[in-house]
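**Student:** Here's a structure for you.
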There are 4 protein chains.
Amino acid sequence: AKSKFEYVRKFEQSDQLLPQCWLVVRVDGRGFHKFSERHEFAKPNEPRCIRLMTLAARRVLMEHRSILLAYGQSDEYSFVLHKDTNAFNRRASKLASLIGSLFTSAFVFNWSICFPDRRLLYPPAFDARAVAYPSVRTLRDYLSWRQADCHINNLYNTAFWSLVLRGGLSANQAQERLKGTLAADKNELLFSQFGINYNNEPEVYRKGSLLVRASLLDSQVDAVAEEASVGDNVPDVGEASVEEVSEIAAKVAKAEAESASTLLHIDIIKDKFWTENPRIL
Amino acid sequence: AKSKFEYVRKFEQSDQLLPQCWLVVRVDGRGFHKFSERHEFAKPNEPRCIRLMTLAARRVLMEHRSILLAYGQSDEYSFVLHKDTNAFNRRASKLASLIGSLFTSAFVFNWSICFPDRRLLYPPAFDARAVAYPSVRTLRDYLSWRQADCHINNLYNTAFWSLVLRGGLSANQAQERLKGTLAADKNELLFSQFGINYNNEPEVYRKGSLLVRASLLDSQVDAVAEEASVGDNVPDVGEASVEEVSEIAAKVAKAEAESASTLLHIDIIKDKFWTENPRIL
Amino acid sequence: AKSKFEYVRKFEQSDQLLPQCWLVVRVDGRGFHKFSERHEFAKPNEPRCIRLMTLAARRVLMEHRSILLAYGQSDEYSFVLHKDTNAFNRRASKLASLIGSLFTSAFVFNWSICFPDRRLLYPPAFDARAVAYPSVRTLRDYLSWRQADCHINNLYNTAFWSLVLRGGLSANQAQERLKGTLAADKNELLFSQFGINYNNEPEVYRKGSLLVRASLLDSQVDAVAEEASVGDNVPDVGEASVEEVSEIAAKVAKAEAESASTLLHIDIIKDKFWTENPRIL
Amino acid sequence: AKSKFEYVRKFEQSDQLLPQCWLVVRVDGRGFHKFSERHEFAKPNEPRCIRLMTLAARRVLMEHRSILLAYGQSDEYSFVLHKDTNAFNRRASKLASLIGSLFTSAFVFNWSICFPDRRLLYPPAFDARAVAYPSVRTLRDYLSWRQADCHINNLYNTAFWSLVLRGGLSANQAQERLKGTLAADKNELLFSQFGINYNNEPEVYRKGSLLVRASLLDSQVDAVAEEASVGDNVPDVGEASVEEVSEIAAKVAKAEAESASTLLHIDIIKDKFWTENPRIL
């Protein structure tokens, strides 16, 4: 049964992404500066939020089987689909909105797992966009772009928050102090002033998080991954009750098993990882 | 500080919607048949889910001030932006993904308000799309299309579930019984077999839900709206504790005040509503 | 019979223009500054080229019946299609390329009619683009934009070439002299220095050329149009032989009859023309 | 100087083709069945029209330096641009309309060179579309698609016109006779009934025409090409006067020198040509 108004469907315009291109959907937090302040996130990095982001990303990999891998850092996650995929007929709006919506949904749904002692004050939102990359080279450059961004921002934030939290500077003073400094300057500042060797900072902060479908990885990497994965998924349950903890643990275990993705915090700019795992791309 | 990989941004393609067109973002539940079964929704309509959908839509209107009105029915909600809006530079992917994400987020966030005694079993997802309509005529036809869809489906579902729940038919038998029937046939069936006068069914089911920015409405309608609005927002709190109820009520009140949108269950196909409220479009 | 390579068709992306919008295809000369110099066009306006452009536009109207009107000035012509048209399934590339190609083809084909004593030295090219306008208002503003452009450029060119050809200034000196002048200044300069009352300049130069399907015009305008039309289509045949002239005349007559479009040089910015001819849009 | 109507430019929507993809612009005759009949083309192939198409394509290569090669058959020509090109900012409408317009223009302009004793009766038109191919593989499959199409159609047409012109069948009878036949059947029919060994038919008909920028070819191919090229460009001048012939020859020579493209009639489906000329793609 159809009405005479049915014709308005024709105003929807086709937005199919070019065939034979690798597809990337990037989900990006909206207003997360304010969100992190309102929820009193630790600075420069909030491990519970990273865990929550990764839990949400895992849910996306679990439901959307055409996704090969995901890379996350800061308040964003990028999902990579194979160039041959015909998921949702390659429609950009379908891919972006569904992946963005599920990510958001899982973020809110799992909040209390990762922040058992802190209430979610309001519903956060993420934008999402789908982009086509015509070659492995351009796709890898995309991922390198995001990891380079992770490096640049984390180095800056580590220096900034050291100056503020340990150096006693105001935000403005810290910003002024870092203006025009190069990476080497920031490394030097961290070491000489705060005794921090930046290269010893946790890899999850310096490299971001890579989720790869386990079936596409080679065994050697898998081993390393397992380790990282275990560490990641033990929720920091704070003052949660025993019941809640076991319930939480069960949930996490189930999600992990179903999604069967492996979490890594490694360099994806250099060739090494891709050469050792040729089946991914 | 930028990396040499920055060039990959250029692969994002422009998706600006045509200027001077009315913009509609429709958010649509994915796999809601299964979702409604898993969460044991009442049939043919689950009032608590309608309330939750409307609460989520209100949140969207609250945050995105360029939205004029929203119309919802079944597992979908459509948001209408003024033809002059420059929100998010009219980019289709930004508009669709952000509105879809926030709607989803608010749906999960508010779940326990509307379903205090039923746990959300897994994170649901909604797709979203943005479409441009070049004239008031085509925009109104779009809204009429969705309301006609509401009518057609609700009449069918009312008949179907009467046959199943009260008539003792199996799903297949009910489907068979309704095959090829016209609207008049279904009305007759409901009346003669179950004593149901379809026109006396609640308007929220027959007409769907219209949220309009209060400032765009004329007083007369406003009065009617207020009434509807009050009825809608008293949460059916089931066995929730007194504390929880007051907390819930406070939340709802705040959301409502901030969004200042009015809930109506009326005919939007005929000219009457639009003629009486000329400032909306 | 199809080959296994057929799949490459899928890389063609949909480019349908939004339904219910007025469509404009603008054809624009490429490198016409050089073209006009190489072919020794009169300055500031070459009537034979204007005639040729209009002959080419008429050919386009003759073949593409969904075109309502065309407006030309300088080295460009804009073709307007009705908002309801389904010509070429509203595909932008089809519409633009076919109209642009036919215009070009007719321009070269008819060259010797309009320039019987001057050889075409090389094949010229025109780009073409298709744009959707959602309302009569925006469509009329588009046409006003082109006519305002005609006015601005023609006033400038008339002043510039008066200074160069009659005032003895070099191109640079003339440019310098006109820098920063307003319309009133240029009018004054033309009058005081060269005795030219700009408002008495031929309308074809000041207003450009409007071709309207005769069937859409009201009778009064038609009368005026006929006059203009006749004047326009007597080819300036120079030293062509008698035979050639009669052949040319026959061709022109035939083209004109078939296309049945009326040529006007009038104001299309003000409401008058549109109010008097309500059937056009 | 700008008018208040300038805002209408914003209705032009971006149509940039994806970076790092090979671009193909295909120009295709509109209504060429009728055109070939009206101009009494030889059947199944008109060598003078093939020559004219190639002359037009050469003009396009001459003016648009970012084109690497062109492949033509029947009433179409495809132009390939390098994946790194930034010509016209990779805008689909600019690329398609300009290449289509210039091709059309050169076709009409050069008509009398190739058909010195036959008048062009009306201006023909070609549509044009721009498509992006993300890899050498898909680009080569595109070219293979067009060459396979050439083969399939030419074999059919050779059989069809043999049946009609030499076998005395009507068009309908010939069509009936060929219905459901495979390539082998048509080869057999040609040989047994008309003594034609299809593989000995001229390569220009069986393989179509490939124009490659001479600078991208290896010497060995170049030699073969030169030969083909010479043969191609001696115009069949019919009853043209001596003056006209020399003028024509001069024109052709100039066009050829400037464009410096080499004409080949070879297999481009197999790897051989591409392997021997690695600099092309």
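**Student:** If you check C:PHE160 against the conditions, is it more than 7 Å from every other protein chain (Cβ to nearest Cβ), among the aromatic types (Phe, Trp, Tyr) and on the phi < 0 side of the Ramachandran plot?
**Tutor:** Numbers: more than 7 Å from every other protein chain (Cβ to nearest Cβ): yes; among the aromatic types (Phe, Trp, Tyr): yes; on the phi < 0 side of the Ramachandran plot: yes.
The answer is yes for C:PHE160.
**Student:** Still on this structure, I have one more. For A:THR104, which of the numbered conditions (1) of a type outside the set (A, V, I, L, M, F, W, C); (2) surrounded by 23 or more Cβ atoms within 10 Å (Cβ to Cβ); (3) modelled with pLDDT under 95 fails to hold?
**Tutor:** Every listed condition holds for A:THR104 apart from (3).
**Student:** Another question, if that's okay. Kindly evaluate D:ARG177 against the criterion of being in a helix (DSSP H, G or I), among the basic types (Lys, Arg), more than 9 Å from every other protein chain (Cβ to nearest Cβ) and on the phi < 0 side of the Ramachandran plot.
**Tutor:** On the way: in a helix (DSSP H, G or I): yes; among the basic types (Lys, Arg): yes; more than 9 Å from every other protein chain (Cβ to nearest Cβ): yes; on the phi < 0 side of the Ramachandran plot: yes.
So D:ARG177 fits the description; yes.
**Student:** When you go through C:LEU211, C:LEU155, C:LEU169, C:LEU182 one by one, which is the residue that is free of Cβ contacts under 8 Å to residues at least 24 places away in the same chain and in contact with a Lys or Arg (Cβ under 7 Å, 6 or more places away or on another chain)? Write out each step before concluding.
**Tutor:** On the way: C:LEU211 fails: free of Cβ contacts under 8 Å to residues at least 24 places away in the same chain; C:LEU155 fails: free of Cβ contacts under 8 Å to residues at least 24 places away in the same chain; C:LEU182 fails: in contact with a Lys or Arg (Cβ under 7 Å, 6 or more places away or on another chain).
Checking each option against the conditions leaves just C:LEU169.
**Student:** Before we move on, is C:LEU169 in contact with a Leu (Cβ under 6 Å, 6 or more places away or on another chain), outside any helix (DSSP H, G or I) and either of a type in the set (A, V, I, L, M) or within 14 Å of chain B (Cβ to nearest Cβ) (or both)? Talk me through it step by step, then tell me what you get.
**Tutor:** Working: in contact with a Leu (Cβ under 6 Å, 6 or more places away or on another chain): yes; outside any helix (DSSP H, G or I): yes; either of a type in the set (A, V, I, L, M) or within 14 Å of chain B (Cβ to nearest Cβ) (or both): yes.
Criteria met by C:LEU169.
**Student:** Can you say whether C:LEU23 is away from chain D (no Cβ under 14 Å), touching a helix residue (DSSP H, G or I) at 6+ places or on another chain (Cβ under 8 Å) and surrounded by 23 or more Cβ atoms within 10 Å (Cβ to Cβ), as far as the supplied structure shows? If you could, list the steps in order and put the result at the bottom.
**Tutor:** Numbers: away from chain D (no Cβ under 14 Å): no; touching a helix residue (DSSP H, G or I) at 6+ places or on another chain (Cβ under 8 Å): yes; surrounded by 23 or more Cβ atoms within 10 Å (Cβ to Cβ): yes.
Criteria not met by C:LEU23.
**Student:** For the stretch D:161-197, name all the residues that are touching a Gly at 6+ places or on another chain (Cβ under 9 Å) and closer than 16 Å to D:PRO44 by Cα.
**Tutor:** D:ALA174, D:PHE194
**Student:** Residues A:LEU55, A:LEU68, A:LEU61: which one is surrounded by 18 or more Cβ atoms within 10 Å (Cβ to Cβ) and touching a His at 6+ places or on another chain (Cβ under 8 Å)? Steps first, answer last, please.
**Tutor:** Working: A:LEU55 fails: touching a His at 6+ places or on another chain (Cβ under 8 Å); A:LEU61 fails: touching a His at 6+ places or on another chain (Cβ under 8 Å).
Just a single option satisfies the conditions, and that option is A:LEU68.
Here is a yes/no grid of residues against (1) aliphatic (A, V, I, L, M); (2) surrounded by fewer than 17 Cβ atoms within 10 Å (Cβ to Cβ); (3) closer than 20 Å to C:SER3 by Cα:
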{"position": "D:HIS151", "(1), (2), (3)": "no, no, yes"}
{"position": "D:LEU155", "(1), (2), (3)": "yes, no, yes"}
{"position": "D:LEU163", "(1), (2), (3)": "yes, no, no"}
{"position": "D:ARG166", "(1), (2), (3)": "no, yes, no"}
{"position": "D:GLN175", "(1), (2), (3)": "no, yes, no"}
{"position": "D:THR181", "(1), (2), (3)": "no, yes, yes"}
{"position": "D:LYS186", "(1), (2), (3)": "no, no, yes"}
{"position": "D:GLN193", "(1), (2), (3)": "no, yes, no"}
{"position": "D:ASN197", "(1), (2), (3)": "no, yes, no"}
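**Student:** Looking only at the stretch B:134-152, count how many residues are outside any helix (DSSP H, G or I) and away from chain C (no Cβ under 14 Å). Walk me through how you get there before you give the answer.
**Tutor:** Going through the stretch B:134-152, the residues outside any helix (DSSP H, G or I) turn out to be B:134-135.
Applying the additional criterion that residues be away from chain C (no Cβ under 14 Å) yields none.
The total comes to 0.
**Student:** List pairs: first residue in the stretch D:1-16 and more than 7 Å from chain C (Cβ to nearest Cβ), second residue in a helix (DSSP H, G or I) and charged (D, E, K, R) anywhere in the structure, Cβ distance under 7 angstrom, at least six positions apart or on different chains.
**Tutor:** The qualifying pairs are D:GLN16/D:ARG90.
**Student:** Name the single residue, out of those in the stretch D:192-244 being charged (D, E, K, R) and either in a loop (DSSP other than H, G, I, E, B) or more than 26 Å from D:PRO278 (Cβ to Cβ) (or both), that is modelled with the highest pLDDT. Lay out the reasoning, then the answer.
**Tutor:** Start the filter on the stretch D:192-244 by keeping residues that are charged (D, E, K, R), which leaves D:201, D:203, D:206-207, D:213, D:218, D:222, D:226-227, D:232, D:236, D:239, D:243-244.
When the remaining residues are screened for being either in a loop (DSSP other than H, G, I, E, B) or more than 26 Å from D:PRO278 (Cβ to Cβ) (or both), the result is D:201, D:218, D:236, D:239, D:243-244.
Values: D:GLU201: 96, D:ASP218: 80, D:ASP236: 45, D:GLU239: 49, D:GLU243: 65, D:GLU244: 64.
Ranking the qualifying residues of the stretch D:192-244, first place goes to D:GLU201.
**Student:** Scanning the stretch B:3-18 for residues that are in a helix (DSSP H, G or I) and surrounded by fewer than 20 Cβ atoms within 10 Å (Cβ to Cβ), which turns out farthest from the chain's Cα centre (by Cα)? Lay out the reasoning, then the answer.
**Tutor:** Narrowing the stretch B:3-18 to residues in a helix (DSSP H, G or I): B:4-11.
Retained after the next criterion (residues that are surrounded by fewer than 20 Cβ atoms within 10 Å (Cβ to Cβ)): B:4-7, B:9-10.
Values: B:LYS4: 45, B:PHE5: 42, B:GLU6: 40, B:TYR7: 41, B:ARG9: 35, B:LYS10: 36 Å.
Within the stretch B:3-18, the match that is farthest from the chain's Cα centre (by Cα) is B:LYS4.
**Student:** So, one more: Among what's in the stretch A:107-129 and is surrounded by fewer than 18 Cβ atoms within 10 Å (Cβ to Cβ) and touching an Asp or Glu at 6+ places or on another chain (Cβ under 9 Å), pick the residue that is nearest to B:PHE103 (Cα to Cα).
**Tutor:** Going through the qualifying residues, I end up with A:SER112.
**Student:** Mind checking which strands (runs of 3 or more DSSP E) fall wholly inside the stretch A:32-133 and carry at least 2 residues that are more than 7 Å from every other protein chain (Cβ to nearest Cβ) and hydrophobic (A, V, I, L, M, F, W, C)? Give the steps one after another, and end with the answer.
**Tutor:** Working: elements: A:67-73, A:76-81, A:126-133.
Those strands (runs of 3 or more DSSP E) span A:67-73, A:76-81.
**Student:** Shifting gears a bit: Output the residue which, of all residues in the stretch C:37-76 that are within 14 Å of C:ARG26 (Cα to Cα) and charged (D, E, K, R), is farthest from the chain's Cα centre (by Cα).
**Tutor:** Ranking the candidates gives C:ASP75 first.
**Student:** If you take the residues of the stretch A:137-149 that are of a type in the set (Lys, Arg) and touching a residue at least 24 places away in the same chain (Cβ under 8 Å), which of them is surrounded by the most Cβ atoms within 10 Å (Cβ to Cβ)?
**Tutor:** To start, the set of residues in the stretch A:137-149 that are of a type in the set (Lys, Arg) comprises A:137, A:140, A:146.
Within this subset, residues satisfying the condition of being touching a residue at least 24 places away in the same chain (Cβ under 8 Å) are A:140, A:146.
Working: A:ARG140: 19, A:ARG146: 24.
The residue in question is A:ARG146.
The values are calculated or read from the model by the stated rules, or taken from the named source; none is laboratory data. Keep in mind that this is a model prediction, so the values were computed, not measured. Methodologically, a virtual Cβ is constructed for each residue, glycine included, from the backbone with ideal geometry; neighbour enumeration extends over all protein chains shown.
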